[in-house]
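Here's the structure we're looking at; comments come further down.
The values are calculated or read from the model by the stated rules, or taken from the named source; none is laboratory data. No experiment lies behind these values; they were computed from the predicted model shown. Neighbour counts are summed over all protein chains in view; Cβ atoms, including those assigned to glycine, are modelled from backbone coordinates with ideal geometry. Note: areas computed on protein heavy atoms with side chains; ligands, DNA, RNA excluded. Shrake-Rupley method; radii C 1.70, N 1.55, O 1.52, S 1.80 Å.
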Amino acid sequence: MAGYNLEGIKAAPLKDDVDIVIPTIRSLDFLEQWRPFLQHYHLIIVQDGDPSIKIKVPEGYDYELYNRNDINRILGPRANCISYKDGGCRCFGFMVSKKKYIYTIDDDCFVAKDPSGKEINVIAQHIKNLETPSTPHYFNTLYDPFREGTDFVRGYPFSLREGVQTAISHGLWLNIPDYDAPTQLVKPRERNTRYVDAVMTIPKGVLYPMCGMNLAFNRELVGPAMYFGLMGEGQPISRYDDMWAGWAAKVVCDQLGFGVKTGLPYLWHSKASNPFVNLKKEHKGLHWQEDMVPFFQNLCLSKESDTAAKCYMEISKMTKEKLTKVDPYFEKLADAMVTWIEAWEELNPPVKNEAFVGA
Ligand SMILES: O=c1ccn([C@@H]2O[C@H](COP(=O)(O)OP(=O)(O)O[C@H]3O[C@@H](CO)[C@H](O)[C@H]3O)[C@@H](O)[C@H]2O)c(=O)[nH]1
Ligand SMILES: [Mn+2]
């Protein structure tokens, strides 16, 4: 680590329980600025695009790097469920991780400051969100009652104050907001400068547009549901990777009794992707979201679906049944969802309960 001023290294909470997953088709220079907060964690880098390109990982980081050749080698024919030329390739990193928590971040994101000028430790805040309960059954008007300096408000039933285990922590972005291409086109200069000091649980039965830019989750609870779909080159749709994962994972959380929080922490999203290119990639998704969202809103999973993987298999079956009429692509997506679960289970075999082995 010689040559680096690491004096400012802040605490790295739960460093052995968190993997940081980064999809990249650009460069990893952004990691230089993150040293105080990320350098103590293990990185899983998913290099998208041409595998012959050598990408440089800033010195001092502990990492695994996978390109397309590695994905093909590790998954064999099942590699076809991992998107190519789409940020959704990141979910390969979720699959090869063995940690409890995943934090995933884009390569054009930087450390943001809170209104007092203090740099925000994104992972510390995500861990707080994930390690404290969620309240999906009744809304607390003072937001997350488990944050310091706040509590449940008057009228909050005591029977609900225990909350439920949190599975997903969705962080937000200062500067370039996560807008779709049409909104980017009409508001090219819009920047998010509003720092809202709030974390809240998304209520049970309510879906939301999950962005993969600044996202943490408990992979032991919902890992198999965090499939970022089949998008990008060779597919009719791109840039709905995180949306698909977010809708499915929220339905799974609701089914299994887990919570989803959104709000803090913020990071600084620096690069506006080209809205014309994005429009080309997104246009089918813009139409299909009018069917995809009601599909997920109306999904009713059976009580036999009591794990994330079982829920996901059921969602795949329903995708084929209900969405193929929207476009034949959904049949392919439904098959890829099954392949994803098969690959997940191969790389993450269920842990046998030692006490019962040979009994
Ligand atoms: O073909 C690709 C394109 C991108 N990536 C990597 O994915 C992330 C996000 O890419 P980008 O910054 O271009 O996208 P945004 O529009 O700013 O971000 C949002 O779009 C979502 C949909 O994919 C994404 O989750 C959001 O954060 C970067 O790290 C790129 O390098 C890629 O791997 N392959
Ligand atoms: Mn970006």
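Pairs of alpha-carbon atoms within less than 8 angstrom and 6+ residues apart define the contacts here; what relative contact order does the stretch 105-347 have, in percent? Walk me through the intermediate numbers first.
Working: 404 pairs, mean separation 60.5, N = 243.
So the answer I get is 25 percent.
Taking Cα centroids, how far is the stretch 109-134 from the stretch 37-93 in Å?
25 Å
Quick one: pull the percent of accessible area on the chain belonging to carbon and sulfur, 1.4 Å probe, ligands and nucleic acids left out.
54 percent
Okay, helix-only estimate at 222 nm for the chain: each DSSP H run of n ≥ 4 adds -39500 (n - 2.57), divide by all residues, round to 500 deg cm²/dmol; what do you get? Kindly include the intermediate steps, with their values, before the conclusion.
Values: 10 runs with 117 residues, N = 359.
For the chain, the value works out to -10000 deg cm²/dmol.
What ³J(HN,Hα) values, in whole Hz, does the Karplus curve 6.51 cos²θ - 1.76 cosθ + 1.60 give for the stretch 303-315 when θ = phi - 60°, with x put for Gly and Pro?
These are the phi-based 3J(HN,Hα) values: 5, 5, 7, 10, 9, 4, 5, 5, 4, 5, 5, 5, 5 Hz.
If you build the convex hull over the alpha carbons only and average its shadow over all orientations, what do you get for the stretch 105-347? Give it in nm² to one decimal.
Average of the hull's projected areas for the stretch 105-347 equals 14.2 nm².
By its C-alpha gyration tensor, with a ≥ b ≥ c as the square roots of the eigenvalues, how is the stretch 64-134 shaped: rounded for a/c under 1.5, else prolate for a/b larger than b/c, else oblate?
Working: a/c = 3.33, a/b = 1.98, b/c = 1.68.
The shape class here is prolate.
How about K187: which aspartates and glutamates have a C-alpha closer than 15 Å to its C-alpha, ignoring those fewer than 8 places off in the same chain?
Straight-line reach from K187, under 15 Å: D178.
For the chain, build the charge dipole from Cβ charges (+1 Lys, Arg; -1 Asp, Glu) around the Cα centre, then report which of V338, F217, T319 sits farthest towards its positive end.
Ranked along the dipole, the leading option is T319.
Take the alpha carbon atoms of the stretch 1-115, find their radius of gyration, then divide it by 2.2 N^0.38 Å using N residues; give the quotient.
1.10
At L347 and L286, where each label point lies 7 Å from the Cα along Cα→Cβ, what is the point-to-point distance in nanometres?
About 3.3 nm separates the two model spin labels.
Quick one: what are the phi-derived ³J(HN,Hα) couplings along the stretch 14-25, Karplus 6.51/-1.76/1.60 with θ = phi - 60°, whole Hz, x for glycine and proline?
6, 5, 8, 10, 10, 10, 9, 9, 10, x, 8, 10
Considering only protein heavy atoms, what per residue accessible area in square angstrom results for the stretch 105-347 with a 1.4 angstrom probe?
Solvent-accessible surface per residue comes out at 45 Å².
Once you charge only the Cβ atoms, +1 for Lys and Arg and -1 for Asp and Glu, what is the size of the charge dipole of the stretch 30-99 about its Cα centre, to the nearest 20 debye?
Here the size comes out at about 200 debye.
For the stretch 105-347, with only Lys/Arg (+1) and Asp/Glu (-1) charged at the beta-carbon, what is the dipole magnitude about the Cα centre, in debye rounded to 20?
My answer is approximately 680 debye.
With springs only between Cα atoms under 10 Å apart, run a GNM on the chain and tell me which of G223, G234, G117 wobbles the most.
Looking only at G223, G234, G117, the biggest GNM fluctuation is shown by G117.
What does the C-alpha gyration tensor say about the overall shape of the stretch 62-187? Classify as rounded when a/c is under 1.5, otherwise prolate if a/b is larger than b/c, or oblate.
Verdict is prolate for the stretch 62-187.
Which pairs, out of K250/K310; K98/K261; K100/K261; K98/K352, put more than 19 Å between their alpha-carbon atoms?
K98/K261
Does the stretch 147-229 classify as rounded, prolate or oblate by the C-alpha gyration tensor (a ≥ b ≥ c root eigenvalues; a/c under 1.5 gives rounded; else a/b over b/c gives prolate, otherwise oblate)?
oblate
Using a Cα-Cα cut-off of under 20 Å, which lysines could be cross-linked to K113, ignoring same-chain neighbours fewer than 8 residues away?
K10, K128, K271
Which of V186, C81, A248 sits farthest toward the positive end of the charge dipole of the chain, with +1 on the Cβ of Lys and Arg and -1 on the Cβ of Asp and Glu?
V186
Using θ = phi - 60° and the Karplus form 6.51 cos²θ - 1.76 cosθ + 1.60, what ³J(HN,Hα) does each residue of the stretch 39-55 get, whole Hz, x for Gly and Pro?
Taking θ as phi minus 60°, the curve returns 5, 7, 9, 8, 9, 10, 9, 10, 7, 8, x, 4, x, 7, 6, 8, 9 Hz for the stretch 39-55.
How much length is gained on full extension from K317 to L160, taking 0.36 nm per residue of separation minus their Cα-Cα distance?
53.2 nm
Leaving out same-chain residues fewer than 8 places away, which lysines sit with a Cα under 18 Å from that of K54?
K85
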